[in-house]
1. Being loosely packed, with under 10 Cβ neighbours inside 10 Å and not β-branched (Val, Ile, Thr) is the requirement here; does Lys12 meet it?
2. Please go through (1) at pLDDT below 90; (2) surrounded by 11 or more Cβ atoms within 10 Å (Cβ to Cβ) for Pro45 and return the number of the only condition it doesn't satisfy.
3. Where residues in region 15-37 are loosely packed, with under 10 Cβ neighbours inside 10 Å and of a type in the set (D, E, K, R), which of them is farthest from the chain's Cα centre (by Cα)?
4. Could you give me the residue pairs with C-beta distances under 6 Å whose first residue belongs to region 17-34 and is under 24 Å from Glu7 (Cα atoms) and without any contact (Cβ under 8 Å) to a residue 60 or more places away in the chain, whose second residue is surrounded by 10 or more Cβ atoms within 10 Å (Cβ to Cβ) and small (Gly, Ala, Ser) wherever it lies, and which are 6+ apart or on separate chains?
5. When you scan region 21-34, how many residues do you find that are part of a loop (DSSP other than H, G, I, E, B) and either over 24 Å from Ile60 (Cβ atoms) or modelled with pLDDT of 90 or more (or both)?
6. List pairs: first residue in region 1-14 and more than 18 Å from Asp29 (Cα to Cα), second residue polar (S, T, N, Q) and modelled with pLDDT of 85 or more anywhere in the structure, Cβ distance under 6 angstrom, at least six positions apart or on different chains.
Amino acid sequence: MAKRRREQRTYKYSCTLTNEEFVLTTKVDNPDDLMSVNAYYEMNPEEDDRPDDVKKKLGIDKE
């Protein structure tokens, strides 16, 4: 007997700062607390540990 594949629910959320939309497979308790990766690094530039080639692709100026 074949097993049935369960449907995976998706939830759509948007970043509160950049209005960028993204999809998650788990429900979030506080969707107002979600933010995109770019918004996080804009708020915390001292924690930006991405490699230089990624920063160059994104067009982030290195200071």
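1. The answer is yes for Lys12.
2. With respect to (1) at pLDDT below 90; (2) surrounded by 11 or more Cβ atoms within 10 Å (Cβ to Cβ), Pro45 is out only on (2).
3. Asp29
4. Matching pairs, first to second residue: Glu21/Ser14.
5. 6
6. Gln8/Thr25
The values are calculated or read from the model by the stated rules, or taken from the named source; none is laboratory data. The shown structure was predicted, so the numbers you read here are calculated from the model rather than taken from an experiment. FYI the Cβ positions are ideal-geometry reconstructions off the backbone, even for glycines, and counts take in every protein chain you see.
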